[in-house]
Amino acid sequence: MGIRVNLGSGTVPLEGFVNVDALADAPGVDVVADISGRLPFDDEAADLVYASHVLEHFPTEEVPGLLREWRRILRPGGQLLVAVPDLDVIAAMLVERGGWFTPPHNPWLGAIYGGQKDEYDFHKTGFNAPWLTALLSDAGFGEVHRVDRFREINAADTSWSPLPFGVNVSLNLRAVAGAVQQPAPYHSRTFPERLLDAIDFALMAGMIVSTRLRSRIMARRRASIEASLD
């Protein structure tokens, strides 16, 4: 039976995983390694690789190589669980509720740019579901699909980040090493999948309408204030 690897374990080491981090003083770290290079594991040594909010910390040109390296250590049929900030969701939030991203709440800009607390805490690449799926396919993964949460992960980490937004801003994808990625036609998708698509579309449409209404209300308020000053 293969190992389970937690890449970039940071402050949330996972029980039953080999926790890998670049910082030797990270709590519960088992292997200290810079994961930008070759990982200290044999080919096909792992049944599962978990990388929660790690990939966005690397330059765009390094991402394909990182994914191929993660594929190397996974056995055929092994699973990659990868979580990154969802730029589609974050962009919608920024348009809809820009106040969350300005003082005194501006630390939430970390969802886009990283917390910037140390040299590792900067975001260098942004992802949405279609692009990350394509990158995974190119790296030798298939059967890529999105999940709300990973059932294998019991810890409260960054793959579940619904606050303060009220919606999870983490893009969580499950992928299988060596499988062939074939886009499923819409009519073959399950009813829950189609329902979630419809809900996502309705939420996005609602955000757009709400933003337009808010803009009109603010314009009217400004006009009213200007008129009262005349």
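The values are calculated or read from the model by the stated rules, or taken from the named source; none is laboratory data. Remember, it's a predicted structure, so these values are computed and weren't measured experimentally. Cβ: placed from backbone, ideal geometry, glycine included. Neighbour counts: every protein chain shown.
Yes/no matrix, rows are residues, columns are (1) touching a His at 6+ places or on another chain (Cβ under 8 Å); (2) farther than 21 Å from I3 by Cβ; (3) surrounded by fewer than 18 Cβ atoms within 10 Å (Cβ to Cβ); (4) at pLDDT below 85:
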site: L66; (1), (2), (3), (4): no, no, no, no
site: W70; (1), (2), (3), (4): no, no, no, no
site: V82; (1), (2), (3), (4): no, no, no, no
site: L87; (1), (2), (3), (4): no, yes, no, no
site: G99; (1), (2), (3), (4): yes, yes, yes, yes
site: P107; (1), (2), (3), (4): no, yes, yes, yes
site: A111; (1), (2), (3), (4): no, yes, no, yes
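Yes/no per residue for (1) under 19 Å from A92 (Cβ atoms); (2) touching a residue at least 40 places away in the same chain (Cβ under 8 Å); (3) assigned to a helix (DSSP H, G or I); (4) out of contact with any helix residue (DSSP H, G or I) (no Cβ under 8 Å at 6 or more places or on another chain):
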residue: T125; (1), (2), (3), (4): no, yes, no, no
residue: L135; (1), (2), (3), (4): no, yes, yes, no
residue: R149; (1), (2), (3), (4): no, no, no, yes
residue: S159; (1), (2), (3), (4): no, yes, no, yes
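Yes or no, residue by residue, for (1) at pLDDT below 95; (2) touching a helix residue (DSSP H, G or I) at 6+ places or on another chain (Cβ under 9 Å); (3) not assigned by TED's automatic domain parsing to the domain that holds I112:
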position: V20; (1), (2), (3): no, no, no
position: A24; (1), (2), (3): yes, no, no
position: S36; (1), (2), (3): yes, yes, no
position: P76; (1), (2), (3): no, no, no
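If S36 passes every condition in (1) in a strand (DSSP E or B); (2) exposed (fewer than 15 other Cβ atoms within 10 Å of the Cβ); (3) not aromatic (F, W, Y) but one, which one does it miss?
(1)
Under 6 Å between Cβ atoms, at least 6 apart or on separate chains: pull out the pairs that start in the range 171-185 with a residue that is assigned by TED's automatic domain parsing to the domain that holds L80 and surrounded by 15 or more Cβ atoms within 10 Å (Cβ to Cβ) and end on any residue that is modelled with pLDDT under 95 and part of a loop (DSSP other than H, G, I, E, B).
Cβ pairs passing all conditions: N172/V147; N172/S159; R174/V147.
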